[in-house]
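Single-structure report; data block below.
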Amino acid sequence: MKRYSAFAIAREALRDHTGWQRAWRKAQPKKRYDVVIVGAGGHGLATAYYLGKNFGITNIAILEKGWLGGGNTGRNTTIIRSNYLQDPSAAIYEKARSLYETMSQDLNYNVMFSPRGVMMLAQTEHEVRGYQRTAHANALQGVATEFISAQRVKELVPIMNINGPRYPVLGALWQPRGGSARHDAVAWGYARACSAMGMDIIQKCEVTAVRQEGGKVKGVTTSKGDIDCEKLGLVVAGHSGALADMAGFRLPLESVPLQALVSEPIKPCMDVVVMANTVHGYMSQSDKGEMVIGGGTDAFNSYTQRGSFHHLEETVRALVETFPMISRLKMLRHWGGIVDVTGDRSPILSKAPLEGCFVNCGWGTGGFKAIPGSGWGFAELMARGQSPLTDEFGLNRFTEGRFIDESVAAGVAH
Ligand SMILES: Cc1cc2nc3c(=O)[nH]c(=O)nc-3n(C[C@H](O)[C@H](O)[C@H](O)COP(=O)(O)OP(=O)(O)OC[C@H]3O[C@@H](n4cnc5c(N)ncnc54)[C@H](O)[C@@H]3O)c2cc1C
């Protein structure tokens, strides 16, 4: 695989860009692999990448029923932060955030990581206390955040109305090295690196059954035939319940639609990410100039990749209070994804009840930021049977009552 570089861009500019290689090979499935990963979203691809990079396991197939990165990974609002309350969450999200810092160099692919700063507005006394508590917890966890005043919020985001009609801004939890990255590029960068290591990424290949023998996984049945494997990783976000059903167990999560929208592009007016959890909405400005807006989940289970109209209305209405200038913007398009939400709003990275089968799911509304940390830990779990990053996120926490309650940090925000 030829490396991308400034020299390569100059060379290709001189020969009409005829020398670029395909970013990843078009592969056909082999009969057998050491590892099969179902789902070529960010988490599946990152898992395969770190299995190869950290453990030398490269006889891997990544099976995708649609197109690579076409699930939630290509549909999210790209917020990256690690300001979680509980220690296991802070550990895995901060690992992910730190890997984002060097991801472009590591993958030799520009993922446009932009650590522009993320603020979560406190708009009630209760939120002030909650975020101050999180800032203290983060200090102990080694995550750099601080609680800032309303005045400082206004300095950082001059377009904000901090004297909102319903909820004035009282302060914010500020993570200066949080930010965003280009979601497609994260999937494409991992895919290119996996393909370069010899792994097969097989698109339009739907898994329709999980085959087992003597209580152990044997392989999968797909729309392109049977594929055998030693180990199977199920990394399918909103379809996790369906895949678990094929493997003969149930998962404690629900699939619900979550949607986002973007405005027409405008000149740069806001260079941080703002999340307003009380009025319920969050916003950042993309490099193209569009205001990227996200809201909450629909209140019903669904497998459709779109959400209900009233949610869009509520989100925009809430944000207009906080950013009056967006009332004059035209909204260009909206879309949805199917998010897999657990009761404690924390993910599941676990051995499954079926031997040789592993599940990585439950990232709900906030798993984009976790992609590299999740891939790192899940790869270790699959390769060695244990990982300090994933220990607390096992399925047994639901039967033992050891919940990792992140409903404040992740329940409504991303
Ligand atoms: C609107 C929206 C906004 C969001 N905003 C943020 C945000 O700002 N920050 C953040 O951190 N997170 C955010 N998220 C959450 C984040 O997008 C997800 O947690 C994350 O992308 C999940 O990645 P994944 O790889 O697990 O799943 P996906 O990217 O969904 O990948 C799973 C793949 O599995 C495939 N698949 C399913 N069934 C099968 C099958 N039977 N056979 C083969 N393949 C199959 C699917 O086609 C899909 O491509 C948001 C999500 C949405 C929908």
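The values are calculated or read from the model by the stated rules, or taken from the named source; none is laboratory data. Small disclaimer: the values here were computed from a predicted structure and weren't measured. Cβ: placed from backbone, ideal geometry, glycine included. Neighbour counts: every protein chain shown. Calculation scope for accessible area: heavy atoms of the full protein, side chains included, ligands and nucleic acids excluded. Shrake-Rupley method; radii C 1.70, N 1.55, O 1.52, S 1.80 Å.
Structure data summary
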| quantity | calculated |
| --- | --- |
| DSSP H segments from the chain that extend 30 Å or more along their own axis, Cα-based, with Kyte-Doolittle mean of 1.6 or above | none |
| Percent accessible area from carbon and sulfur atoms, segment 1-153, protein chains only, probe 1.4 Å | 54 |
| Violating pairs (Cα-Cα greater than 24 angstrom) within the set K330/K369; K26/K95; K204/K351; K204/K330; K2/K26 | K330/K369; K26/K95; K204/K351; K204/K330 |
| Accessible area of segment 258-414 belonging to carbon and sulfur atoms, whole % at 1.4 Å probe | 54 |
| Where labels lie 7 Å past Cα in the beta-carbon direction, separation of E101 and E206 in nm | 4.3 |
| Listed residues K231, K30, K65, most fluctuating in the chain (Gaussian network, C-alpha, under 10 Å) | K30 |
| Over segment 36-171, volume per residue of the alpha carbon convex hull, in Å³ | 157 |
| Dimensionless Rg over Rh [the chain; C-alpha; Kirkwood] | 0.97 |
| Relative compactness, segment 135-263, computed as alpha-carbon Rg over 2.2 N^0.38 Å | 1.65 |
| Peptides ranked, highest mean first, by Cβ atoms within 10 Å: ranges 275-284, 38-47, 196-205 | 38-47, 275-284, 196-205 |
| Electrostatic dipole magnitude of segment 12-158 [Cβ: Lys, Arg +1; Asp, Glu -1; Cα centre; debye, to 20] | 620 |
| Whole-number percent relative contact order across the chain, with pairs defined as alpha carbons under 8 Å at least 6 apart | 22 |
| Amide H contacts under 5 Å for R182, placed H, 5+ residues apart | M112, F113 |
| Of all DSSP beta bridges in the chain, antiparallel share, percent nearest 5 | 70 |
| Accessible surface, the chain, averaged per residue in Å² (probe 1.4 Å) | 42 |
| Sum of side-chain charges, G117 neighbourhood, beta-carbon under 10 Å (Lys, Arg +1; Asp, Glu -1) | +2 |
| Magnitude of the charge dipole, the chain, Cβ model with Lys/Arg +1 and Asp/Glu -1, debye to 20 | 1140 |
| Simple Cβ-charge dipole of segment 114-211, Lys/Arg +1 and Asp/Glu -1, about Cα centre, in debye nearest 20 | 40 |
| Label-point separation, E146 to D228 (7 Å along Cα→Cβ), nm | 6.0 |
